[in-house]
Structure formats: C-alpha cells, structure tokens
1. Within the range B:109-136, restricting attention to residues that are crowded, with 18+ Cβ neighbours inside 10 Å and outside any helix (DSSP H, G or I), which residue is nearest to the other protein chains (Cβ to nearest Cβ)?
2. So for the range A:166-185 (the condition being within 14 Å of chain B (Cβ to nearest Cβ) and touching a helix residue (DSSP H, G or I) at 6+ places or on another chain (Cβ under 7 Å)), does at least one residue qualify?
3. So, in the range B:28-41, of the ones that are surrounded by 13 or more Cβ atoms within 10 Å (Cβ to Cβ) and on the phi < 0 side of the Ramachandran plot, which residue ends up nearest to the other protein chains (Cβ to nearest Cβ)?
4. What single numbered condition from (1) surrounded by fewer than 15 Cβ atoms within 10 Å (Cβ to Cβ); (2) closer than 23 Å to A:PHE50 by Cβ; (3) touching a strand residue (DSSP E or B) at 6+ places or on another chain (Cβ under 9 Å) fails to hold for A:ASP114?
5. Looking at B:SER113, B:SER119, B:SER147, B:SER73 in this structure, which one is hydroxyl-bearing (Ser, Thr, Tyr) and within 30 Å of A:ALA85 (Cβ to Cβ)?
6. Would it be correct to say that B:GLY62 is surrounded by fewer than 14 Cβ atoms within 10 Å (Cβ to Cβ) and facing chain A (nearest Cβ under 9 Å)?
7. What's the number of the only condition in (1) more than 7 Å from every other protein chain (Cβ to nearest Cβ); (2) more than 21 Å from A:ARG55 (Cα to Cα); (3) not in a helix (DSSP H, G or I) that B:LEU106 fails to meet?
8. For the condition crowded, with 23+ Cβ neighbours inside 10 Å, modelled with pLDDT of 95 or more and within 18 Å of the chain's Cα centre (by Cα), what is the one hit in A:LEU182, A:LEU137?
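The values are calculated or read from the model by the stated rules, or taken from the named source; none is laboratory data. Since the structure is predicted, the reported quantities are computational estimates derived from the model, not experimental observations. In this analysis, Cβ positions are derived from the backbone assuming ideal geometry, glycine residues included, and neighbour counts consider all displayed protein chains.
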Amino acid sequence: MSKRIAIILGSAILSALFSVSARAHITPPVVLASDREAVVRLLPAATRYFVREVRPSPAEQDAIRQRTGWNPDEDFYRFYVGRTAEGAPVAAIVFLSEFTLHGPVRVAVAVGPDGKVTGASVVEVTEESYTWVKPLLDGGFLQRFAGHDARDALAQAENVGGSMPRFYAGVIARLIARAATLYEVTTRSN
Amino acid sequence: MRGMRLSQLPPSGKVFCTLFLAGIGCGALAAFTQAATAVGVSPAAVRDSLAPEAPMTDLHHGQMSAEKEIDLSQISETAKVFIRTPLLIQTSHTHLFGQTLIAGLLALIFLFSSVGERSKCVIGALPFAGTLIDIGGMWATRFVSPSLSVLVTAGGTLFALGYVAIAVLSIYDLWFRKEHLV
C-alpha cells in the first residue's frame, strides 16, 4: 500500500518539475537608476524643476502614430522639465517603456527646447536582457543620440555588433525616437 | 486517505516528500525576498508598482496639459519596478501555473496526512486560495481600485500560512507519528 503512495507522489512531483522547467519565465528586473537619479543626471544645468503632464489629443496621437508607428495609449504622459534660475528651459525628460520577450526596457530621454535629444539613460531592464544591454551602455551607445532629433534617432542604432545587442539597440533607439516625437508633437508645437 | 498514511511510506518516500517540502520552503523564501526588493510587500508598495499613475499636477479629466513647479524630493528615489499591463499578463500566467502546481503537490502530500477531513479541506485549500487572491489582487489594484492592493499582501500571506501548516503537519506525520496497529 505504501509503495502505491510512493509511486503516486513520485510521478506527480516529477511531472510537475518537468513542466515547470519547460515553461518560459521572465528573469527578475534590474533597475539601473531611480527616476530621481535619472532626472538629476540628465538635467545637470537645471536649478528649477517642473512637472508637465500632457494628454495627447486624437490628432496628436495620429501624428505620433504616423511618424513612429507607436500608439501613445496612456491616459497622460509626464515630462520633468528642467529650467535655469531665470526660468529658461534646459530640457524635458520623459520615461518610456517597451516590453520585449525578455521583459521591459525603460528609458529616460531628455529633449531640449529645439526638439533635439540632449541625453538618455536606460533605467530598467531584466537580468537576461542586461547581458545584451550592458555592452551597449559600456560602449557609449547612448551618447550617439545627443544632438539628434526624432527623425534621425533610429539611424543611430546602426553598426552595432552582435544580434541581441543590435536588437536592444533598436529597442532603445525606438524609445528615444518616440520620446522626441512625443515632446515635439505635444509640447514643442504648443 | 483510504487508510493510506504518510507515516506508512518507505524511507525513500519520506525523504523525497521532506526534500520537496524543504525545497518549496526555500523557493518561497527566495520569492519573498525577490518581491520585497523589486516591488515591496506592503500594500502601499504594491499600489505604487501596480496602480495606474495618478497625475502630479491638477490635470483634470478632459484637460490637455498642466504644469507645476516641484521639488526634487517629489520624484521617486526608490529604484522600484513598474508593473504595467504586459508584464502583469506575463507575471499572472507564470505565477498561476507555477503556484497552482506547487499548491497541488502540497495538497497531494497533505491528502495522506492523518489530519481530519474538514481540516484537510481548509488547510489544503489555503495555497490555492492565496494564489488566486494574490494574482487577482494585482489585476484588481490595476483596474478596479488602488486600495485593493491589500489583497496581494493577503494572498501571499495566505499561501505562506498554508504552506507552513501543510509542511509542519506533513513532516510530523512523516517522521514522528507512531502508527498503532489495529
């Protein structure tokens, strides 16, 4: 009788262990910077900070979709705006995410009053994707975007070695292009 | 169950059941630590990571934009994880499969314990109920009300209580209960 119990328990445990290991699982998140750290890092010339929250109108959503292929479907988007003591704008930062097969990638992008990117910071990836994103960060990939606007941000992802780093370079470039477009359409033009 | 008892298992069966219970206990501790460091386990921390972001300005419904000056201290300095809907879907399916399988195996071991049928039903159901309340609470926090983040903490606690009760009672039966021959 006890042999029967052992067989039932053993089979159940084995089948469960096989099915658990077989299914895909997103690796834990790796948070590279808090929001405050990213804002301070990307707005070094600012002495005053503002929050500007925008709700894209249907026409603005269409414009963003046409330019980037991205659907800005959040209720609102938040820009952290840095200004000098005299009130002159330095740059505006927005945090955007994209969800890949390996989990989320979250990027902070600073856009100057002229619509050009002044800096970007990857703030969150996952343990798995970090192994592909780290070489990009170490190689100064994010510096490529400084001085470029939304139109030529995507081109900065070219000439990246390795298929997975190239994939994540594309993800980061898309997020930066979206951020610059979002700023251009909702804030700069108003 | 049908006269079969954990205490009647051969030594190999007792060892395997004990190792399984110990492994799940270690896994639960690791999962708790991961949740505590990545998101936080208090209802407030869960709410911060799951609930839709509230405007910092007085952006009303229908208003297109709003701006206000802030102090840097108003920007989050905790390196927290934002769980948005796509991640919530992924987290839900992996945890529902994984935790329900674990709950099922715990219940299977517990079926052969000497505890009465009513207690068996209640204690064995705790990990299942905890899983559903935990994952359901995440969705409720995101889409019904941020105040329902308390369900996530309650669900996790229920799962842990169920595991501890099942592990303690089963290990007692496996190694310390003396069978009386009739």
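1. B:PHE112
2. Yes: the range A:166-185 contains one or more residues that are within 14 Å of chain B (Cβ to nearest Cβ) and touching a helix residue (DSSP H, G or I) at 6+ places or on another chain (Cβ under 7 Å).
3. Of the residues in the range B:28-41, the ones surrounded by 13 or more Cβ atoms within 10 Å (Cβ to Cβ) are B:28, B:31-32, B:35, B:37-41.
Cutting the leftovers down to on the phi < 0 side of the Ramachandran plot gives us B:28, B:31-32, B:35, B:37-39, B:41.
Details: B:ALA28: 14, B:ALA31: 10, B:PHE32: 13, B:ALA35: 10, B:THR37: 9, B:ALA38: 6, B:VAL39: 9, B:VAL41: 15 Å.
Restricting to residues being surrounded by 13 or more Cβ atoms within 10 Å (Cβ to Cβ) and on the phi < 0 side of the Ramachandran plot, the top hit is B:ALA38.
4. All conditions are met except number (3).
5. Working: B:SER113 fails: within 30 Å of A:ALA85 (Cβ to Cβ); B:SER119 fails: within 30 Å of A:ALA85 (Cβ to Cβ); B:SER147 fails: within 30 Å of A:ALA85 (Cβ to Cβ).
Within the list B:SER113, B:SER119, B:SER147, B:SER73, the selection yields B:SER73.
6. Numbers: surrounded by fewer than 14 Cβ atoms within 10 Å (Cβ to Cβ): yes; facing chain A (nearest Cβ under 9 Å): yes.
So B:GLY62 passes the test.
7. (3)
8. Numbers: A:LEU137 fails: crowded, with 23+ Cβ neighbours inside 10 Å.
After ruling out the rest, the residue left standing is A:LEU182.
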